[in-house]
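Report on one structure; see the data block that follows.
Throughout, read-outs are computed from the coordinates displayed, never taken from laboratory work. Quick caveat: nothing in here was measured; it's all calculated off a predicted structure. With ideal geometry, Cβ positions are generated from the backbone for all residues, glycine too; neighbour counts draw on all protein chains shown.
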Amino acid sequence: MFRPSSMAMGLISICLIFSTALHGQVMVQPAATINVNLQKEVAKVSPTLYGLMTEEINHSYDGGLYAELVRNRTFHKGWDEPAHWFLVQYGAAKASMQLDPTTGPSANRQLSLRVTVQQADSSSPAGVKNEGYWGIPVHANTTYKGSFYAKADNEAVGPVRFSIISDDTGKELASATSPALSSEWKQYNVSLRTGEVKASAANHLVLTIAHPATVWFDMVSLFPPTYKDRVNGNRIDMMEKLAAMKPAFLRFPGGNYLEGDHISERYQWKNTIGPLVDRPTHPSPWRYHSSDGLGLLEFLEWCEDLHMQPVLAVYAGYSMAQEHENPGPELEPYLQDALDEIEYVAGAVNTKWGAVRARNGHPEPFKLIYVEIGNEDFFDKSGSYDGRYAQYYEVIKEKYPQLQLIATAPVQSIKADVIDDHYYKRADEFYEFVHHYDKVDRNGPKIFVGEWATREGTPTPNFGAALGDAAWMTSMERNSDLIVMASYAPLLVNVNPGGMQWDTNLIGYDALNSYGSPSYYAQVMFSNHIGTEIVDSRSEGGGPRFFYSVTHDPVKGVLYLKVVNASSVPQAVEFKITGANQLKSNAKIISLSAQSTSETNTLAEPTKIVPVESVVEGVAQNFSHTFAPYSINVIVAESK
């Protein structure tokens, strides 16, 4: 219950984030008091505190955010050959298929699928089908864009029929016919539209011909509508969930995905730009092949679409199988490649790589502030990172002195601008860890918590993990003068069998639908409610799983007070706020709660745990409230 009294400062809204939940017990923890002095600013809040970290893991890109529906569109080998493609022979048709490494539509694509049709006609066509990423999703009254490269041994073969077929009925749900094939490699584009069909992922893609011939296929593609209608774009539902987080930055192209298992398998950005047909693709360290359809420019456009700063990670001479290049001359080609990459991102159109970016369709440079040198180089047993970072630092700073360069391991030979710390913990471990940064030297490098998560729940976090996350976020907010950026990881997971390589991921999905975990909604609540300055505050009393942070936006007149009660019993809290006055007595409260720490969201119950909004009455200078167990709340109280 809130009891009213006077306050002293104008135009203030108070935003309180609490952790509470109902357990049916009457016990309470020792009462807590939170004292807040709005007239005393401790430090500025980093404007880039909350952002996104991404990499190709759990089918995050291919089969996830990247909207391509065809799996293995470039016909790389798998356990079978080619993976995820199968022969189709209707009626009396006869055909065979095999990979052909001698021909393709570009210099970088000299591998294709040769389909030899011995017998076929209009009533008995033959061809190939693709099973998609655990199905081809369809929605009613929706237009899909298909394309493929092909050539034929004779031009009498005619057109290709491009169809989405139901797994259950064998009926066409949408189809289109290409122009007649040529004896030269060409790209063919088709448009397919569904009618009044039931939304389903139990479908596959079929390409057929109706005459005997040999046809070569490559780069077979099918796209649904994409976010902001981007060509070669991203899934709408997933981008909307990311947009709701209001992320300030995107760290890309990823962690291990940047390094690869071997130097030859590293992320080579120059192979990911330009026409898709010119991208050779490469193996991912998470044991599946990357199409590189989501390449460097697509990452940057992702930043553009969600109004995020790019945090560019560049390869720094170390790969995870303990392969590395030593500082000095052997590292120079990789350093030059990083300089080229920075120029591609941020260079003017009159620079070499800025001109390439312009030819790729984006003349305007992207604003770049942070560049990360490598990834998790504390795993490098050679001890070479200190020298490698220093070499990158000196050369990059000479050309781009305005850039902030992030180190991924402690360095001694030079002072890093920012250090990237990673934390994967259980909830109880985070509860013990919340004071880690409270007394860190503010004269040292700034901190980027580039990967962190409470690892409880699979494939996505349960509510206990959300409580651990919320406790840790209060710590990062209290220390956001030091912590310039933070990003949860992994961000995405395909929940189908075989789609996941890492437990506990923020957002889950299959081919058709996606959902946010309880931790996702905690992230949304925290990132959407944060001030511009940390104000003086202290707490007294409270139970062992009681945490808080206080930030303030004096321009908007909003105070954000976040409190976590991760206990199974209620927590009484008294708030004593000085330096403010005349708050409206009615305030908005947003609550996220669960009955137990194991409760969670799933594809079947995607909104079981979501924030709920209501009204709190009687907010004043001194007020108290008892917070129930296991919940997270946001109170917004505006001044009169």
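Observations
- For the chain, with +1 on Lys and Arg beta carbons and -1 on Asp and Glu, the positive-most of SER596, GLY293, VAL395 along the dipole: SER596
- Shape call, the chain: gyration tensor on alpha carbons, a/c limit 1.5: prolate
- Shape class for segment 533-629, computed from the alpha carbon gyration tensor (a ≥ b ≥ c): prolate, with a/c not under 1.5 and a/b above b/c.
- Segment ASP229..ARG442, full-extension length gain: 72.2 nm, with 0.36 nm per residue of separation and the alpha-carbon distance subtracted.
- For segment 85-223: rounded, prolate or oblate by the Cα gyration tensor [a/c cutoff 1.5]: prolate
- Helical content alone sets the calculated 222 nm signal of the chain at -4500 deg cm²/dmol, taking -39,500 (n - 2.57) per DSSP H segment of four or more residues and averaging over every residue.
- Dipole axis of the chain (+1 Lys, Arg; -1 Asp, Glu on Cβ), positive-most option in LEU482, TYR560, ILE236: TYR560
- For the chain, the share of DSSP beta bridges that are antiparallel, to the nearest 5, is 70%.
- The calculated FRET efficiency for ASP80 paired with VAL395, based on their beta-carbon distance and R0 = 51 Å, is about 0.65.
- For TRP302, TRP216, order by how many other beta-carbon atoms lie within 10 Å, fewest first: TRP216, TRP302
- Whichever aspartates and glutamates have a C-alpha closer than 16 Å to that of LYS94, once near sequence neighbours (fewer than 8 apart) are set aside: ASP121
- Additional length obtainable on full extension of the chain from ASP121 to VAL612, 0.36 nm per residue less Cα span: 170.8 nm
- Euclidean distance of C-alpha centroids, segment 298-375 and segment 569-640, integer Å: 43
- Pairs exceeding 25 Å between alpha-carbon atoms, taken from LYS228/LYS562; LYS415/LYS562; LYS40/LYS425; LYS151/LYS270; LYS246/LYS608: LYS228/LYS562; LYS415/LYS562; LYS40/LYS425; LYS151/LYS270.
- Set of lysines near LYS171 by C-alpha distance (under 18 Å), chain-local residues within fewer than 8 positions excluded: LYS129, LYS198
- Charged side chains reduced to their Cβ positions (Lys and Arg at +1, Asp and Glu at -1) give segment 245-327 a dipole of some 140 debye around its Cα centre.
- The simple Förster model, with R0 at 51 Å and r as the Cβ-Cβ distance, assigns GLN595 and HIS139 a FRET efficiency of 0.90.
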